[in-house]
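Taking it in order: structure first as structure tokens, then the write-up.
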DNA sequence: ATTAACCAGTTAATCGATTAACAACGGTAG
DNA sequence: CTACCGTTGTTAATCGATTAACTGGTTAAT
């Protein structure tokens, strides 16, 4: 104990388990056991080893070396389609992460957020150099190079929302019917002039008004499903899809993009009386646009969001009508599924979570009810 | 080469760099170079190696083994004082993470969020088994066992807010003067009956009204500094601190806690006319309490928050007067500092970021102006 | 003609641990 | 007295890569 004085200063050179073994006069196996299986040696010796470790400044078994030998790292990789610094601006994702965390921390696992790198040179990502036990993919387009990079790592994967992978369990919602319910709500109120504010149609989301051609070429299954849902509802109501319903693609899931989209849509000759936004973030932007344009919501314009994240954020200036989806649970299921498959346990290949249309204060019947399309 | 046909299906057993070397008929060193230093071999051979790799299903050099050999992992550890699933509920932290991400991703590094484990058995954390190149500590009490666990890893560390570590660069704000400005604002408006809604005084934050004794025993330097700031202002205004100003400690940085605190404070015989909350989250709870109690803000009760995070969240039902601090920049600086010290570059040992009192709509002069203390 | 630089790879040591198989030893039972 | 056992440690193989030093053969420069 008195020796603490001279060994107090942190030694500059790395102390290894072997050094500690030498200093204590035992084998490395015994030192390893002292840390990992206390029952395999006498309490006295173990204590002596731990004491020596402290006086030597040994930081404990090196995690990397241990990982190499043991064959696992103790951390789950999470992939987001965009830059990390944007990811945290996405409330749905943060909620999702919270769910993943809940699962991870009960298993004692850490979370590793893998940076996607800039959009242009996506390939240059840390995906194939980062040590993780498996990946959780959060809503990425199937043609995103990051996806194939992750798949090529041949680690267990769980996919959320997108893409559908043969080899990986899926956690998500029924996007088509969720979207349909949103559109039906509007249609049911009497709206006939609708507009859609869409998320990216694919990795190379270019933004702007999307014609039928581009809609057909959309690679994102999630967005396709939602468009399909909107379209089904529109068609059932006698509208012609997509001719009667303009779709504006946003390049990013940010309120600013939603605002731009809304301005574009609303400045058309026969502007929509109601807008369908594919996220609450975009819907928030629509609200800004409406305010800027002097339009009252819902008097002059009805609006349905998607996600139901604004409530969690107390963004209560306007209570948004929206499609609720359980982000937290999605994260938790995804985390649990990955952990299970790491443990070699069987995993539900397709977990669909419930959604629900939450009618709040941004939707009502159109001011001047346009005459029904037929008769 | 013809064998490519039968090796097309993903082999179940792990393919190593050595296998690939054997299959290609070159040394492991050359294969390694094919991945890491293309200039060290001919383009043709490299291509042949890569092709063979694909047909063999070789996922690229194992990150763990590479990490062991190279001596670094390519990821930054981030420590939060509470469970991960709570962490994401803390908007200040999310903003901070966003800043850290910005720094990390320009350096191509990933972020590893280390789970703290449950409050009671804190020691059982992944901190000493997780592979990272360094730690960023986000606002932890100096007596938190997690802190010493991190320090004992002997990796580069950067501290945000708390605690002050001899050995680690610090990024934060001047908590005392920031807090003072908040109290002075209230005092300047004429308030004389103040109440403080505090964050945890130490790791073992027990919550509830804190007497002078407990305030003295507070171990959290950040909270101490803020209390000091409030106290200085109060004293300068002729009040007696802490006798005249009740302090309620919240066990967690959650609106619900703030609400409970406010209810306790406001139900006292001579309730405060103004409340100082140490975070916007807590302030949000105060708003809830006021609404529940039928008190109008700011008519019946003034309120100053801390952080200025509600704005970012559009929690605009009430524009909160608060002390703004630059969470994002804090994260970015912390990230950059850690990256710099990993690179062996010198780092500013103490980076203080500016704060600013933002007077909005939750503060005004007290309804019945209490007579100025002197004349 | 001689030295130097270069090319395209290879050899072998090394990173820091874990763990199956084995050994030494004192004690106990038959 | 021998056989068997449980306890406490040790030996040595192994995890999957990286990289300094080296090799044999060219080419360019002095």
Is there any pair with a first residue in region B:21-47 that is in a loop (DSSP other than H, G, I, E, B) and a second that is near DNA strand D (Cβ under 7 Å from one of its atoms) whose Cβ atoms are under 6 Å apart and which are 6 or more apart or on different chains, and what are they? B:41/B:33
Counting just the residues of region A:51-62 that are in a helix (DSSP H, G or I) and within 12 Å of another protein chain (Cβ to nearest Cβ), which one comes out nearest to DNA strand D (Cβ to nearest atom)? A:53
What single numbered condition from (1) over 25 Å from residue A:14 (Cα atoms); (2) facing another protein chain (nearest Cβ under 10 Å); (3) modelled with pLDDT under 95 fails to hold for residue B:101? (3)
Do we find that residue A:126 is out of contact with any helix residue (DSSP H, G or I) (no Cβ under 8 Å at 6 or more places or on another chain), buried (at least 18 other Cβ atoms within 10 Å of the Cβ) and either closer than 30 Å to residue A:202 by Cβ or within 8 Å of another protein chain (Cβ to nearest Cβ) (or both) in this structure? yes
Counting only residues that are surrounded by fewer than 21 Cβ atoms within 10 Å (Cβ to Cβ) and modelled with pLDDT of 95 or more, give me the strands (runs of 3 or more DSSP E) lying completely in region A:242-305 with at least 2 of them. none
Can you name the residue in region A:82-95 that is within 8 Å of the chain's Cα centre (by Cα) and either part of a loop (DSSP other than H, G, I, E, B) or more than 9 Å from chain B (Cβ to nearest Cβ) (or both) and is also farthest from DNA strand C (Cβ to nearest atom) among such residues? A:92
How many residues are over 17 Å from residue A:185 (Cβ atoms) and under 28 Å from the mean Cα position of the chain (by Cα) when one looks only at region A:266-281? 1
Just for region A:63-80: of the residues that are more than 7 Å from chain B (Cβ to nearest Cβ) and surrounded by fewer than 21 Cβ atoms within 10 Å (Cβ to Cβ), which one is nearest to DNA strand C (Cβ to nearest atom)? A:69
Among the residues of region A:27-43, what is the count of those that are more than 14 Å from every other protein chain (Cβ to nearest Cβ), exposed (fewer than 14 other Cβ atoms within 10 Å of the Cβ) and within 6 Å of DNA strand C (Cβ to nearest atom)? 1
Inspect all residues belonging to region B:112-122 and state whether any of them is within 13 Å of DNA strand D (Cβ to nearest atom), within 16 Å of residue A:77 (Cα to Cα) and either at pLDDT 90 or above or part of a helix (DSSP H, G or I) (or both). no
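The values are calculated or read from the model by the stated rules, or taken from the named source; none is laboratory data. None of these values were measured; they are calculated from a predicted model. When we count neighbours, we look across all protein chains shown, and the Cβ atoms used for this are built from the backbone with ideal geometry, even at glycine.
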